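First the structure, in the form of structure tokens, and then the observations on it.
The values are calculated or read from the model by the stated rules, or taken from the named source; none is laboratory data. Computed from a predicted model, the values in this text were never measured in an experiment. Please note: Cβ atoms are built from the backbone with ideal geometry, for glycine as well, and neighbour counts cover all protein chains shown. Heavy atoms of the whole protein, side chains included, go into the accessibility calculation; ligands, DNA and RNA do not. Shrake-Rupley method; radii C 1.70, N 1.55, O 1.52, S 1.80 Å.
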Amino acid sequence: MNQNGTQVLDRTFDILEIIAGEKNGLSLSDITNSMNLSKSTVHRILSTLCNRGFTEKTFDKKYKLGLKMLEFSSTYLNDIELKIEARSFIWDLTKKMGMPVHLAIRENMDVVYIDKVDVKNNIRIYSQIGKRVPVYCTALGKTLLGDMPKSELLPIFHNIKFYQYTEKTVINEMELLIQVETAKFNGWSLDDEEHELGIRCIAAPIYDYRGCIIAAISISGTNYMLKKEDDFKNGNYIAKVALDISKRIGYGITKNIKLGGIGFE
């Protein structure tokens, strides 16, 4: 970026800071006087900010911060709040199940671990906070796709470059869609040695105050620890813990939610 570009960027942030300091908004003249800049320069920057949603113009021709700023700050605050509120739940889950627990979010078609609690046993799961794994072969990924309609999922799956991690990795678009839809119905999803041979995972979604899936938690264990015959019992329990976390961050429950055939209020 050249010097002029840097200068414009500095002025843009200065304008945002000035507007943020006045809850009732500021007129073009107010901002111009504070900045000691020409009206045309300030107006040009404000027009761009308004077009992008970072500021908005009120009926009395004053400028206030726009919804885009709220969206950015809410995302940041939600991540902080989510980790803080979820921490005790995932610790308890780890102690009860005796298996590692992950907390993750979705970025495009990747699952990103944002927290993890390990256990002292012989399970060797190579994961760390910040690591990315694909959505299509992980329980977390299938869960995080849970609030997307079929009409959006199929075009997304069509553009995925599938990689066969194990002989059980699902690389068929329609089969993956069935798995995601099954996860929606059950309230939890399964990775049956699809990403790592010998390791099974069960995940469930975390909802925000709008009812949108913003994260997921999972337990991971060997196929001897997470037996198939216990999937529904374990899945329902993980879903209940995820629902408890959701309530802690503002998810309002107004009716019974069906989790694998068991209703929780």
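Some notes on this structure:
- Full extension of the chain between residue 11 and residue 110 gives 32.1 nm of extra length, using 0.36 nm per residue less the Cα-Cα distance.
- Degrees, to the nearest 10: 173-186 long Cα axis against longest axis of the chain: 90
- Among 52-58, 157-163, 137-143, the order from most to least packed when residues are scored by Cβ within 10 Å on average: 137-143, 52-58, 157-163
- Placing dummy labels 7 Å off each Cα toward the beta-carbon, the span from residue 57 to residue 132 is 3.9 nm.
- Between helix 67-97 and the chain: long-axis angle, C-alpha atoms, 0 to 90°, nearest 10: 20
- The angle separating the long axis of helix 231-248 from the principal Cα axis of greatest extent in the chain is about 20 degrees.
- With every protein chain in place, the chain: carbon and sulfur % of accessible area (1.4 Å): 52
- Peptides ranked, highest mean first, by Cβ atoms within 10 Å: ranges 183-193, 41-51: 183-193, 41-51
- Cross-link pairs 23/83; 116/227; 95/150; 161/240; 64/131; 142/240 - those with Cα-Cα distance over 27 Å: 23/83; 95/150; 161/240; 64/131
- Taking a ≥ b ≥ c as the square roots of the Cα gyration tensor eigenvalues, segment 116-226 comes out oblate, since a/c reaches at least 1.5 and a/b does not exceed b/c.
- Test item: Cα-centred dipole of the chain, Lys/Arg +1 and Asp/Glu -1 on Cβ, debye: 400
- Accessible surface computed residue by residue for the chain, with neighbouring protein chains in place and a 1.4 Å probe, gives 56 Å² per residue.
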